[in-house]
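*Asks:* Can you keep this structure in mind? I'll have questions shortly.
The numbers here are math on the coordinates, done by the rules we state, and not lab data. Remember, predicted model here, so these are calculated numbers, not experimental data. Here the Cβ positions follow ideal geometry from the backbone for every residue, glycine too, while neighbour counts run over all protein chains shown.
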Amino acid sequence: MEKEKDTATRHVWERLDEEERRTALAFCDGYREFLSTAKTERETVDFLTERARKNGFAPLHDFGGLKPGDRVFLSARGKIMAMAVMGREPLEQGLNIVGAHVDAPRLDLKPRPLYEEAGLALFKTHYYGGVKKYQWVAIPLALHGVVVKGDGQVVSLVIGEIEGDPVFTIADLLPHLAKDQMEKKMSEAITGEALNIIVGGFPVAEREVKERVKKAVIEHLAQNYGVREEDFVSAELEAVPAWPARDIGFDRSMIGGYGQDDRSSVYTALQAILQQDVPRRTAVALFADKEEIGSAGNTGMQSVFLVNFVAELAGRCLPQYSDLALRRILSSTRAISADVTAGLNPSYPDVMDKYNAPLLGHGVVISKYTGARGKSGASDAHAEFVAFVRGLFDREGVVWQTGELGKVDQGGGGTIAYLMAQHGMDVLDVGVPLLGMHSPFEVASKMDIYMAYKGFRAFYRSV
Ligand code: MN
Ligand code: MN
């Protein structure tokens, strides 16, 4: 019992020797770089694919059959991906899956985004995921994404990330004239239709043209990217914070950056599976899209992607593939739903139950359930599986704590856990506690990031 008490109250920093402290900090240097470069779901899957190939993984469809130690990956539409390292045990014994999500809250451009008003050219946006809209004004924004032209040609854009690039922004109202705005509720003070991004201010020379600033932007897009105004209809352009991830604090103990929900899980799960040589049970890292809007679509966790991936593995491993065999594999699988949770914010302790709130720097968080108002929407892991994971973490030196997403009836949230559980597998929510989740600059402790990695690595080795 004494050990468990320690786990809940002592900082990870105090529990590591000098060497492991250095290892943890170095691990987070790579993580910070990743956060600064992969800011969209497509960029994240591109990053994962590149790292997979560099580390001996090959496309699943290159394999006729599979043997222990084989490293494979599969992706769909550039937005969802799975990696596997084949284990020594037969697939029917089940897989060890760590599942994270690659999408993050942001501002998407509307299909007809460009207009001119008050001498400025602007883009209309429709926010994606649960954002506090007031956080997205008066900050530098970068544009990432693709424009697919009528003939199918794909134009990839990243503007606002490198030195010398321009950035974009949404102008807020000055305090001098904000009397009415300041009296509104925070949820209404900035409306969705006010999230309009300033993209240009110079007019074209021709005086007879009606919207001369808008025209200048259209000409710029045509000249520099070969993109026409109507091409926005078939585009996915996302406005994201233009800043890189940074160390936070005099002691550099934390990382601040955009998209740590859920790229903290993505990076740690990736590094954990790259470490697997020939595991006992087949190890799978799953990276899903669309979690922030309900996991819908053919790249979200509600889709058949995971089942199809496991079927593709089974088809290459089993002497006789059958639906029954597939069901047996899925229902004997163990999974971690890797996602972030809320850390206790010292300025807002009242939204948490202090006896069940995770603290930054105190380890990776095990959440038996998520959900809201009576656990609604939760997967709620079985006590037996929670015991399995905590026992494993204790044996492997993974510092962990328990957590609950806020006080009962204060709010709540969900992850992909319940969608994985539908296939019969045991699933537990495990992840990094954040401050300012879903904000343009989320805060995580380096110690928790490192412990997430260590935890996922241990999970992959578990039998
Ligand atoms: Mn998440
Ligand atoms: Mn989220």
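*Asks:* Taking amide H positions as placed in the peptide plane 1.01 Å from N, state which residues far from residue 414 in sequence (5 or more) or on other chains have amide H under 5 Å from it.
*Replies:* 371
*Asks:* Next up: Show me the three semi-axes of the equivalent ellipsoid for the chain, from the C-alpha gyration tensor (sqrt of 5 times each eigenvalue), largest first, rounded to whole Å. Walk me through the numbers on the way to the answer.
*Replies:* Working: eigenvalues 311, 157, 75 Å².
After scaling each eigenvalue by five and taking roots: 39, 28, 19 Å.
*Asks:* Also, quick follow-up: Please turn the phi angles of the stretch 293-303 into ³J(HN,Hα) values with the Karplus equation 6.51 cos²θ - 1.76 cosθ + 1.60 (θ = phi - 60°), one per residue in order, whole Hz, x for glycine and proline.
*Replies:* For the stretch 293-303, the Karplus curve yields 10, x, 6, 7, x, 7, 10, x, 6, 6, 7 Hz.
*Asks:* Let me ask you something else. Working out 0.36 nm times the residue gap between residue 382 and residue 158, then minus their Cα-Cα distance, what length gain in nm do you get to one decimal?
*Replies:* Values: separation 224, 0.36 × 224 = 80.64 nm, distance 4.40 nm.
Contour length minus Cα-Cα distance gives 76.2 nm.
*Asks:* Show which lysines lie in cross-link reach of residue 185 when reach means a straight Cα distance below 20 angstrom and same-chain residues fewer than eight apart are skipped.
*Replies:* Within the straight-line limit of under 20 Å, residue 185 reaches these lysines: 132, 133.
*Asks:* When we measure straight from the Cα of residue 375, which lysines land under 18 angstrom away, once same-chain ones fewer than 8 places off are left out?
*Replies:* In chain and number order, the partners are 407.
*Asks:* Let me ask something else. Would you mind computing, in nm to one decimal, how far apart the modelled labels at residue 120 and residue 407 are, each placed 7 Å from Cα along Cα→Cβ?
*Replies:* The modelled label-to-label distance comes out at 3.9 nm.
*Asks:* Ranked from highest to lowest mean number of other Cβ atoms within 10 Å per residue, what is the order of the peptides 401-412, 36-47?
*Replies:* Numbers: 401-412: 18.2, 36-47: 21.5.
By packing density, highest mean first, the sequence is 36-47, 401-412.
*Asks:* Along the charge dipole of the stretch 106-241, pointing to its positive end and built from +1/-1 on Cβ of Lys, Arg, Asp and Glu, which listed residue (217, 143, 192) has its Cα farthest out?
*Replies:* About the Cα centre, the residue reaching furthest to the positive side is 192.
*Asks:* Here's a follow-up. Just report the Cα centroid separation between the stretch 97-171 and the stretch 321-342, whole Å.
*Replies:* A separation of 35 Å, based on Cα centres.
*Asks:* For the chain, take the longest principal axis of its alpha carbons; what is the angle in degrees between that and the long axis of helix 18-37, to the nearest 10 within 0 to 90?
*Replies:* Value to nearest ten degrees: 40.
*Asks:* Hey, how many Å between the Cα centroid of the stretch 355-385 and the Cα centroid of the stretch 276-299?
*Replies:* Taking the Cα centre of the stretch 276-299 as reference, the centre of the stretch 355-385 is 20 Å away.
*Asks:* How far is helix 212-225 tilted, in degrees, relative to the longest principal axis of the Cα atoms in the chain, given as a value from 0 to 90 rounded to the nearest 10?
*Replies:* 50 degrees
*Asks:* Any of 124/290; 124/179; 149/215; 39/446 with alpha carbons more than 30 Å apart? Name them for me. If you can, show how the numbers build up before the last one.
*Replies:* Details: 124/290 21 Å; 124/179 25 Å; 149/215 19 Å; 39/446 19 Å.
Beyond 30 Å between Cα atoms: no listed pair.
*Asks:* I'd like to compare 268-276, 358-366, 376-384: which one has the highest average count of other Cβ atoms within 10 Å, and what's the full order after that? Intermediate results must be reported in sequence, preceding the final value.
*Replies:* Numbers: 268-276: 23.7, 358-366: 25.7, 376-384: 16.7.
Answer by packing, highest mean first, reads 358-366, 268-276, 376-384.
*Asks:* Still on this model: On a 0 to 90° scale, report how tilted helix 446-461 is relative to the longest principal axis of the chain, with both axes built from alpha carbons and the result rounded to the nearest 10.
*Replies:* The helix 446-461 is inclined about 50 degrees to the chain.
*Asks:* Give, as ranges by residue number, the residues of the stretch 121-158 whose backbone N falls under 19 Å from the point 7 Å along Cα→Cβ of residue 174.
*Replies:* So the set is 137-139.
*Asks:* Quick one: what are the phi-derived ³J(HN,Hα) couplings along the stretch 394-399, Karplus 6.51/-1.76/1.60 with θ = phi - 60°, whole Hz, x for glycine and proline?
*Replies:* 4, 5, 9, x, 8, 7
*Asks:* Treating cross-link reach as a plain straight distance, find the aspartates and glutamates whose alpha-carbon is under 13 Å from the alpha-carbon of residue 110, omitting any fewer than eight places away in the same chain.
*Replies:* 193, 229, 230, 231, 236, 238
*Asks:* Only Lys, Arg, Asp and Glu count, each charged at its Cβ (+1, +1, -1, -1), so figure out the dipole size of the chain about its Cα centre, rounded to 20 debye. Before the final figure, lay out the partial values.
*Replies:* Values: 54 positive and 63 negative charges, 144 e Å.
I would put it at about 700 debye.
*Asks:* Relative contact order, percent, of the stretch 106-241 when contacts are C-alpha pairs under 8 Å separated by at least 6 residues? Mind showing how you got there, number by number?
*Replies:* Details: 248 pairs, mean separation 52.2, N = 136.
Taking the mean separation of contacting Cα pairs over the length of the stretch 106-241, I get 38 percent.
*Asks:* Along the charge dipole of the chain, which of 90, 111, 129 sits closest to the positive end, that is, farthest toward it, with unit charges on the beta carbon of Lys, Arg, Asp and Glu (+1, +1, -1, -1)?
*Replies:* Of 90, 111, 129, it is 90.
*Asks:* Note down the magnitude of the dipole of the stretch 106-241 about its Cα centre, charges +1 on Lys and Arg C-beta and -1 on Asp and Glu C-beta and zero elsewhere, to the nearest 20 debye. Please report the intermediate quantities before stating the final value.
*Replies:* On the way: 16 positive and 21 negative charges, 70 e Å.
So the magnitude is around 340 debye.
*Asks:* Also, I was wondering about something else. Once Lys and Arg get +1 and Asp and Glu get -1 on their Cβ, which of 157, 458, 266 lies farthest toward the positive end of the dipole of the chain?
*Replies:* In the chain, that residue is 458.
*Asks:* Distance between Cα centroids, the stretch 202-251 to the stretch 50-89: provide it in whole Å.
*Replies:* Answer, in whole Å: 37.
*Asks:* Take the Cα atoms of the stretch 106-241, build their convex hull, and give its volume per residue in Å³.
*Replies:* Working: hull volume 17.2 nm³, N = 136.
So the per-residue hull volume is 127 Å³.
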